[in-house]
Amino acid sequence: MKETEVHGPFWHWGYAMHRFRWFVLAIGIILLISFALFAQRTPGMLKDNGFTPKGSEADLGYDGLRDDLGLPLTVIQLVYTGKGLDLTEERHMKAILDALSDLGKLPYVENISFVSSPRSVGHRDVQAVSVALSLDTDPALEKYPELKSRVRVPAGMNVYVTGGPAIMYDMQTASKRDIAKSEAIGLPIALVVLLLVFGTLVAAVLPMIVGLMSVTLTLGITYFIAQHHSLSNFLPNMVTMLGLAVGIDYALFLVSRFREELKRRPSVAEAVAMTSQTAGKSIFFSGIAVLIGLLGMLFVDLTFFRSLSLGGVIVVSSSVIVANTMLLALLGILGHRIDALQVVPRRFRKQNNGRFWEWVAYGVMRRPLILVIVVGGLLLYVMLPINHMKLNVPNAEVLPPSYESRYGSDLLKLAYDSRTMGPIQIRVHADAPIWEEASVSKMRAYAERVKGVAGVKEVQSYLTQLGSHSDAELFALLQQPGARERIEAAKLAKDHTALMIVVPEQDPDDPATSGLVRQLRSLDPGGLETAVTGGPAYRIDIIDRIQGEIPQVLSFVMGITYLVLLRAFRSVLLPLKAVLMNMLSLGASLGLVVLVFQYGHFADMLHITTIGYVSATLPVIIFCVVFGISMDYEVFLISRMMEEYEATGDNDHSTAEGLKKTGSLITSAAFILVVVVGSFLFTDIEIMKALGLGLGLAVLIDATIIRVMLVPALMKLLGRANWWAPKWLKAGAAASKSSR
């Protein structure tokens, strides 16, 4: 008996949605209006980029320096430029300080000083000022507009504000703009595609409602979570991208199946019930596959990944729930009026696409081995750039140069020696007070060992402020009146703690500097307690935390996905093939992302600023998101093939019929998803651009090359083995059917 003839749990669910359709619709509208009031406030609530590796050596070390020595909680930089002016002259420097007198009066401004790092040659028209704040990140972000309003600009100069709070503020602004921009680009195109698919305005609008409602509910829920937990400010963009893409896709499959069932079933109630039994069930398992990928991000202990996972899980769950409740209720209410308000005449829609897909399937199955070798080899070739992928952690680089904080950051790197602007810092803690002769001796010996490490250009500490002397002489100098006070004021040492600054020979982002951090961490401290921190150390800890969990992420996502599909398809080989096909499309898309973002190919055409590396977060995000999304089409395609195989037992016929009945629909759904996620290429935040490109390419490859060529070819090669399953699995499926 065909599974579609059995009234299972999903059939009864659909029947209930039809029976209580008006009640379900009323509840949905109330929830939508309620959460919409909070959804618009969510982006302003998120004040953390989520990249801090909490509990790492770099994080604990810097926290210790802040607690023990009073290093500022946050710092902003004011970068002044003056065309034709030498801003290193005394009069211009005085003019800058005079213009900042109002800023200095704010109670949370600790210190205003000129950046003392060595300058690059030929940039005397740039002057930078550091402003130390006694505020942590969140309060500093709230006070940022007030801070910026106090920054005055002397005549003939321009000023650009950068540093942590400025970058975060610009990211919040960019996030809000990006959501509006992506919706303005993606939604109209998606609506046009839906109109071409369905031909009627009513049917085309329903998927849009599901997508927008899923996003609104998720952002509303996130608002309340953000009241108690720190979340990344990338979350709203992720939610918008995934919610619109998945919500519209799920609704597209559901509406399309409902229109088919209306022609076959004697009543609207039965059409809704059977739509739930078929497409609703597929959406449910597809949603689980997507959720598995998103949950994989939880293995990486960074707020950034936890936030994206949380937002993704909520929005995908919302899409599945809204599609299987409110949309089913709407379909029950509309009934045959689903075809009302015709926009595209039937004669333009009555193209025999099914025959085309049938021809493609049988054409592919005539030469399956050659196609698998050629297409598989091509995809493996596209994956090759991954071998040379360089990973780094962007800061201001997540924004385009048109943003003030990014431009100011670029000016700083241009005008000053980046090695001294972002040095390695070491927190040194001694058992005895740092002023004692024993501590002085240990500190000096440790400094000598640090100097001897290859790649160290310079070492600075409170001892270097006193000159080159013996231990006894240094101890004596520290006993002089005012010596300790001056060192404490410079935040170099206090009580049992001292700061050691290590200037590397290479730039902070250079791999050699990363190697230097590892060497310093393995160095014998000689009776002292040390923690290596600073910008280069933070980057290493972030990348290590990501890369260290990649095996667990891969094992979890692929393993659990296989088990879920094993249960859904009741086949051993089909889930394995699905996992391998996803890895191919994923690898090919990631290879293309490397070509664009690292090597700059097509960067100008796509309005992307190439920075010579790929964000360390991208491989995990793209894998977790793409793996689940791509599995959507596998679930829908194989589900249809299963229906045909159960009816006929003919592998070739079921393959052709499955592609024939889903080819146009999957292509349309994939095109909508590509448009929605591809619209993020025109936004500002680089990580979302890369995710949009990676996801869009993966889906494009998946819905064309993989589903149209490789899947039918492999189905032909494997033959009846596609449907083989152990007896216990078949017995479980049979028992499940008989219980219904």
**Q.** the chain, dipole about Cα centre (Lys/Arg Cβ +1, Asp/Glu Cβ -1), debye to the nearest 20
**A.** 3500
Q. When ranked by the protection proxy of mean other Cβ atoms within 10 Å per residue, highest first, what sequence do the peptides 316-324, 434-442 form?
A. 316-324, 434-442
Q. Going by alpha carbons, how many degrees (0 to 90, nearest 10) lie between the helix axis of 437-451 and the longest principal axis of the chain?
A. 60
Q) When the Kirkwood hydrodynamic radius is evaluated over all pairs of different C-alpha atoms of the chain, what value in angstrom, to one decimal, is obtained? A) 28.7
Q) Setting aside same-chain residues fewer than 8 positions from K390, which aspartates and glutamates have a Cα under 19 Å from its Cα? A) D507, D509, D510, D541, D544, E549, E686
Q) How far apart, in nm, are two points set 7 Å out from the Cα along the Cα-to-Cβ line at N111 and at E646? A) 7.3
Q) Against the longest principal axis of the chain, how steep is helix 137-149, in degrees 0 to 90 to the nearest 10, with axes from Cα atoms? A) 70
Q.
If packing is taken as the average number of other Cβ atoms within 10 Å across a peptide's residues, how do 393-405, 245-257 rank, most packed first?
A. 245-257, 393-405
(Q) Helix-only mean residue ellipticity at 222 nm, the chain, DSSP H runs n ≥ 4 weighted -39,500 (n - 2.57), per residue, nearest 500. What is it? (A) -20500 deg cm²/dmol
Q: Work out the length of the dipole vector of the stretch 424-540 about its Cα centre, built from +1 on the beta-carbon of each Lys and Arg and -1 on the beta-carbon of each Asp and Glu, and round it to the nearest 20 debye.
A: 180
(Q) On a full-extension model of 0.36 nm per residue, what is the gain between Q547 and R337, subtracting their alpha-carbon distance, rounded to one decimal in nm? (A) 70.3 nm
**Q.** Reference-scaled alpha-carbon Rg (2.2 N^0.38 Å with N residues) for the stretch 172-277
**A.** 1.30
Q. With a sphere of radius 15 Å drawn around the Cβ of R366, what net charge do the other residues whose Cβ falls strictly inside it have (Lys, Arg +1; Asp, Glu -1)?
A. 0
Q. Rounded to the nearest 5, what % of the DSSP beta bridges within the chain are antiparallel ones?
A. 95
**Q.** Estimated dipole of the stretch 211-335 in Debye, rounded to 20 [Cβ of Lys and Arg +1, of Asp and Glu -1, Cα centre]
**A.** 280
Q) Cross-link list K105/K494; K442/K494; K176/K689; K661/K716: which exceed 20 angstrom alpha carbon to alpha carbon? A) K105/K494
Q: Using packing as a proxy for protection, rank 585-594, 16-25, 571-580, 700-709 so that the peptide with the highest average count of other Cβ atoms within 10 Å comes first.
A: 585-594, 700-709, 571-580, 16-25
Q: Mind pulling the angle between the C-alpha long axis of helix 9-19 and the longest principal axis of the chain? Nearest 10 degrees, somewhere in 0 to 90.
A: 90
Q) Based on Cα positions only, what radius of gyration and what Dmax would you give for the stretch 72-163, in angstroms? A) 13.1, 38
(Q) To make sure I understand the rule: partners must be lysines, Cα under 22 Å from the Cα of K727, and not fewer than 8 residues away in the same chain. Which ones qualify? (A) K2, K577, K737
(Q) If each residue of separation counts as 0.36 nm, what is the full-extension length gain between I189 and A512 once their alpha-carbon separation is subtracted? (A) 111.6 nm
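The numbers here are math on the coordinates, done by the rules we state, and not lab data. Remember, it's a predicted structure, so these values are computed and weren't measured experimentally. Because the Cβ atoms are built from the backbone with ideal geometry, glycine has one as well, and the counts that use them run over all protein chains shown.
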